[in-house]
Amino acid sequence: MELMEPETPIRSIAVLTSGGDAPGMNAAIRAVVRAGIYKGLKVYGVQDGFKGLINGDFVPLGRRDVSGILSHGGTFLRTDRSSEMKTPYGQREAVRQLNNEGIDGLIVIGGDGSMAGAKALCDEGTRVIGIPGTIDNDVWGTDSCVGVDTALNTIMEAVDKIRDTAASHTRAFLVQTMGRECGYLAVQSAMISGAEMALIPEDPVSVEEIAQTVENAYKRGKRHCIIIMAEGYPIPMVDLAKQLDEMDLGFTTRSINLSYVQRGGSPTSFDRILASRMGYAAVELISSGQTSLMTAMQGREIIGLPLIDIVGKHRPISEEYLHISNILSR
């Protein structure tokens, strides 16, 4: 945890969203803006993430500018992935733009790549606080990221609908969730939707074991079989569906990728509260002279964790949830 020199107080801050969008990002922006104004700070929004930061795309934000965005999905500041931000040139330009605008601190909302960008700017002398916002929930150190709860509810509703048609046609369905190399969404959504199996990259199983699960469901007289599959699973979903369909397991097999629908929609009450708390906490941290931290939910508390302890690590999958999901699906 680093403290600013007392002769250089924070007078103005900027906020940006980076990487993939997540429900609740707007709620976090709103909290940053209104908490910042309450603290007497000038607040700016950076459009289009780190790309906009490098290009100096700043807009002043007041209380009315963030009115009505709490319930909206996505991010009204827009977001982007910037390869330039990974380079010394991009980092230098970002710092230069902040200094040119007279902005003393930056709040970055995004996933693990965004936190890496935040740390890089801290290393260049910029005062930065991160807020974890990604549906993948793969950011180390926080129980939940902004957007995760909404994504799980979206997946649950989709799987409930898929089960209706699966039962009508006596089929097995592979349902692919987002998460890259993290199986969090797959495990959690398998549990809450009553799926027969979760396939995750952290713990891959053989095709034969998957086939046995499908056949056992058929033998038990079930009218459907649902398997949730993380996008980072080593076997492509379409290939696995074809292999299972060729094995004559009782069910015909279909596959569906829920894709970007998981990232949209109005945030749940949980995500609105989490985003609001984290946005407020970020302003509290940076205005009190702290920097190079990320807000994190641990238990019921929102704390600040050093970015140096977060970047390069990934949240491990919960063995407890995986075990419970497997037991309850039998």
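The values are calculated or read from the model by the stated rules, or taken from the named source; none is laboratory data. Values in this document were obtained by computation on a predicted structure and should not be read as measured data. For neighbour counting, all protein chains shown are included, and Cβ atoms are generated from backbone atoms with ideal geometry for every residue, glycine included.
Structure summary
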| read-out | value |
| --- | --- |
| Within the stretch 293-311, tally of residues that are without any contact (Cβ under 8 Å) to a residue 60 or more places away in the chain and either surrounded by fewer than 18 Cβ atoms within 10 Å (Cβ to Cβ) or touching an Asp or Glu at 6+ places or on another chain (Cβ under 7 Å) (or both) | 3 |
| Residue tally, condition over 22 Å from L41 (Cβ atoms) and touching a Gly at 6+ places or on another chain (Cβ under 6 Å), over the stretch 90-117 | 3 |
| Residue list for the stretch 213-231, restricted to those being over 29 Å from the mean Cα position of the chain (by Cα) and either within 11 Å of L174 (Cα to Cα) or surrounded by 14 or more Cβ atoms within 10 Å (Cβ to Cβ) (or both) | T213, V214, E215, N216, A217, Y218, K222, R223, H224 |
| Any hit, the stretch 194-203, residues being part of a helix (DSSP H, G or I) and not assigned by TED's automatic domain parsing to the domain that holds D138 | no |
| Residue within the stretch 117-125 that is modelled with pLDDT of 95 or more, at positive phi and touching a Phe, Trp or Tyr at 6+ places or on another chain (Cβ under 7 Å) present | no |
| Of the criteria (1) of a type outside the set (A, V, I, L, M, F, W, C); (2) assigned by TED's automatic domain parsing to the domain that holds A190; (3) over 27 Å from T165 (Cα atoms), which one G250 fails | (3) |
| Pairs, first buried (at least 21 other Cβ atoms within 10 Å of the Cβ) in the stretch 75-100, second at pLDDT 95 or above and aromatic (F, W, Y), C-beta under 6 Å, six or more apart | S82/F50; M85/F50 |
| Residue, modelled with the lowest pLDDT, within the stretch 172-200, restricted to residues that are at negative phi and surrounded by fewer than 18 Cβ atoms within 10 Å (Cβ to Cβ) | E181 |
| Top-ranked residue in the stretch 232-245 [being modelled with pLDDT of 95 or more and part of a loop (DSSP other than H, G, I, E, B); ranked as surrounded by the most Cβ atoms within 10 Å (Cβ to Cβ)] | Y233 |
| Condition met for A281 (modelled with pLDDT of 95 or more and either touching a His at 6+ places or on another chain (Cβ under 8 Å) or not in a helix (DSSP H, G or I) (or both)) | no |
| Positions within the stretch 277-292 being farther than 14 Å from G130 by Cα and either in contact (Cβ under 8 Å) with a residue 40 or more places away in the chain or among the charged types (D, E, K, R) (or both), in sequence order | G289 |
| Test result for T165, farther than 28 Å from R78 by Cβ, free of Cβ contacts under 8 Å to residues at least 60 places away in the same chain and not hydrophobic (A, V, I, L, M, F, W, C) | yes |
| Some residue of the stretch 141-149 being closer than 30 Å to L307 by Cα, surrounded by fewer than 24 Cβ atoms within 10 Å (Cβ to Cβ) and among the hydrophobic types (A, V, I, L, M, F, W, C) | no |
| Residue within the stretch 153-170 that is more than 24 Å from the chain's Cα centre (by Cα), acidic (D, E) and in a loop (DSSP other than H, G, I, E, B) present | no |
| Only one of I235, I228 that is out of contact with any Asp or Glu (no Cβ under 6 Å at 6 or more places or on another chain), β-branched (V, I, T) and closer than 18 Å to Q262 by Cα | I228 |
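Yes or no, residue by residue, for (1) in contact with a helix residue (DSSP H, G or I) (Cβ under 6 Å, 6 or more places away or on another chain); (2) at pLDDT below 95; (3) under 14 Å from A282 (Cβ atoms); (4) crowded, with 16+ Cβ neighbours inside 10 Å:
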site	(1), (2), (3), (4)
L3	no, yes, no, no
T8	no, yes, no, no
V15	yes, no, yes, yes
V32	yes, no, yes, yes
Y38	no, no, yes, no
Y44	no, no, no, yes
G52	no, no, no, yes
L61	yes, no, no, yes
S71	no, no, no, no
